[in-house]
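The values are calculated or read from the model by the stated rules, or taken from the named source; none is laboratory data. Nothing here was measured: the structure is a model prediction, and the numbers come from that model. Every residue, glycine as well, gets a Cβ built from its backbone with ideal geometry; the counts of neighbours run over all protein chains shown.
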Amino acid sequence: MDHQIDEIDARLLRIVQRDADLSAAELAERVHLSPSACHRRLQRLRQAGVVQGHVALLDARRVGRPTTVFVEISLSTQADEVLDAFEAAVARIPDVLECHLMTGAYDYLLKVVARDSEDFATIHRRHLARLPGVAKLQSSFALKTVFKTTALPV
């Protein structure tokens, strides 16, 4: 860990991860600090790179992307230029929410969102199957999201 996080910082981070829209006064009250002290701490956490931004979390169903598919990908080689080309290309596919280099049976794990299975088939055919160096793809459709969070334990 690059930045030392004390208990007040941890409390502040737990709160803003769940509701970044709180006013400075509401946040300060919940953390039990003055608004100016709370603001200084949050600014310090931003400058240290602990807090990297504020985003709106969308409901995938309500924006027409209710289907989540996890795609395991094996590459034909582990050469740096193939890995770099694959990573650059996959980052340009808007339907891919996450891409992880893995240990184990597959090289990469992708999290993809789609409108439905037909939409995923199109994404697969037009984008995933054409990624550089791909030797094998295996897709698994999520039947139900049991639990999901973006909040890190601090």
Can you confirm whether ARG115 is among the basic types (Lys, Arg), in contact with a Lys or Arg (Cβ under 9 Å, 6 or more places away or on another chain) and without any contact (Cβ under 8 Å) to a residue 60 or more places away in the chain? yes
Could you check, for region 29-46, whether at least one of its residues is exposed (fewer than 11 other Cβ atoms within 10 Å of the Cβ) and within 17 Å of the chain's Cα centre (by Cα)? no
Listed residues LEU128, LEU57; which is aliphatic (A, V, I, L, M) and either at pLDDT 95 or above or assigned by TED's automatic domain parsing to the domain that holds ARG18 (or both)? LEU128
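One line per residue, one yes/no per condition, for (1) free of Cβ contacts under 8 Å to residues at least 24 places away in the same chain; (2) outside any helix (DSSP H, G or I); (3) not β-branched (Val, Ile, Thr):
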position: ASP9; (1), (2), (3): no, no, yes
position: LEU12; (1), (2), (3): no, no, yes
position: VAL16; (1), (2), (3): no, no, no
position: HIS39; (1), (2), (3): yes, no, yes
position: VAL51; (1), (2), (3): no, yes, no
position: LEU57; (1), (2), (3): no, yes, yes
position: ALA85; (1), (2), (3): no, no, yes
position: ALA88; (1), (2), (3): yes, no, yes
In region 54-72, which residue that is β-branched (Val, Ile, Thr) and within 21 Å of LEU143 (Cβ to Cβ) is surrounded by the fewest Cβ atoms within 10 Å (Cβ to Cβ)? VAL63
